Amino acid sequence: MHEFSLDYLACPRCNSALELNSFCAQTEIDEGFLECHVCNLSFPIINKIPIIWDNFSKYLSVRTILGKNLFQMANHEKIKNFIKTSMSYGKTNLDRTSLEEKWTNIYRDSKRSKFYTIIKNKIARISKTSLALEYGCSIGLITKSLAKHHEIVFGIDQSYSAISFAKKSKTENLDYFVADTLSPIFGNTKFDLVIALNLLDIVEPDKLLRHVSGQISKGFFMLSTPYDFERGINSVRYPLNAVSLRAKLNDLGFSVYAGTKNPSYHNWNLKINSRCTLNYRVDFVMAKK
């Protein structure tokens, strides 16, 4: 974690400033805690990655394998004890660790998809801004492109595996966090550009759009979706279509760019394995306040 990130972060529970308790630091904070002394909450930094989850025990309860891996990665005894204590509160039969590692590899093997080139070209056309953010950044393909064109950039994803891969590419003006998309870890910080690609089918659309709208007073919002809402028990409750998506953005004070007012069909190819490729036709929308 870069120390400059501390200026933008807040406790996701009470919005108070977080304090850094660093155990090991070189060019970045390698290990330590981000602490809220109002809520008495601690968020661990392990292998340069902050995990800012309101309930860390709940996060690990569906990632038992990850918890064991984090315990082995940690060097400081306080971090190890924190992980051990957090894991003692229980676990579920569902473990997302292998699934998140699988999707990290899928995104890695699919990084040459033309869809990413299209998005990078659109990013390059936006004038340099001070502060940019990508939700659902995964392995950082787009976030790294953002960092080439904007002053300070943050990426958020709930997958520790994906963020670990993203962190392999060291960039001085870019930082990543493991956090929930809807968690207010940036408090009242306002962004000049927010990107959320292909998240509306896994995060409740209305909540995501309102969350992002609250983070932009004057700036850009880039999003895309394949409208793949049929996900069994994981389906969102209130899906949007191409028309209602744009209408919702207008209601929130955004102006949709003329070139994206009509639905688009960009190919997004994901290489699942050597015999299977998933091909989405993604709608892209760019809006501005």
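Each value in this text was obtained by applying a stated rule to the coordinates, not by laboratory testing. These numbers were taken from a predicted model, which means no experiment stands behind them. Reconstructed Cβ throughout: ideal geometry from the backbone, glycine too, with neighbour counts over all protein chains shown.
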TODO: Measure nothing fancy, just the Cα-based angle from helix 77-87's long axis to the longest principal axis of the chain, in degrees from 0 to 90, nearest 10.
DONE: 60 degrees
TODO: Using a Gaussian network model of the chain whose springs link C-alpha atoms within less than 10 Å, name the residue from 157, 192, 251 with the highest mean-square fluctuation.
DONE: 251
Task: Cα lying deepest toward the dipole's positive end in the chain, options 229, 53, 67, charges on Cβ - done: 229
Task: Answer label for Rg and Dmax of the Cα atoms in Å (calculated), chosen among (i) 24.1, 77; (ii) 18.8, 75; (iii) 18.7, 56 - done: (iii)
TODO: Measure up 48/170; 114/144; 261/289; 48/167; 190/288; 48/80 against 18 Å on the Cα-Cα distance and list the ones that go over.
DONE: none
Open item on the list: Counting only Cα atoms, I'd like the Rg/Rh figure for region 3-95, Kirkwood definition for Rh.
Closed with: 0.96
- [ ] For region 103-288, give the magnitude of the charge dipole about the Cα centre (Cβ charges: +1 Lys/Arg, -1 Asp/Glu; no others), in debye to the nearest 20.
- [x] 640 debye
Task: Choice from 233, 106, 29 showing the highest fluctuation, given a GNM over the chain with Cα pairs closer than 10 Å - done: 233
Task: Length-normalised contact order of the chain in % [C-alpha pairs under 8 Å, at least 6 apart] - done: 15 percent
TODO: Output the relative contact order of region 17-84, whole-number percent, from Cα pairs under 8 angstrom with separation of 6+ residues.
DONE: 21 percent
Task: Which of 19, 77, 101 has the fewest Cβ neighbours within 10 Å, and the rest in rising order - done: 77, 19, 101
Open item on the list: Just to be sure I understand: with springs between alpha-carbon atoms less than 10 Å apart, which residue in 243, 256, 212 has the highest mean-square fluctuation in the Gaussian network model of the chain?
Closed with: 243
- [ ] Find out how many positive minus negative residues lie around residue 170, taking Lys and Arg as positive, Asp and Glu as negative, among other residues whose Cβ is under 10 Å from that of residue 170.
- [x] +1
Task: Relative contact order for region 40-145, counting Cα pairs under 8 Å that sit 6 or more residues apart, in percent - done: 22 percent
TODO: Select from 141, 88, 163 the residue farthest towards the positive end of the dipole of the chain; place +1 on Cβ of Lys and Arg, -1 on Cβ of Asp and Glu, and compute about the Cα centre.
DONE: 141
Open item on the list: Between 0 and 90 degrees, rounded to the nearest ten: what's the tilt of helix 64-73 against the longest Cα principal axis of the chain?
Closed with: 60 degrees
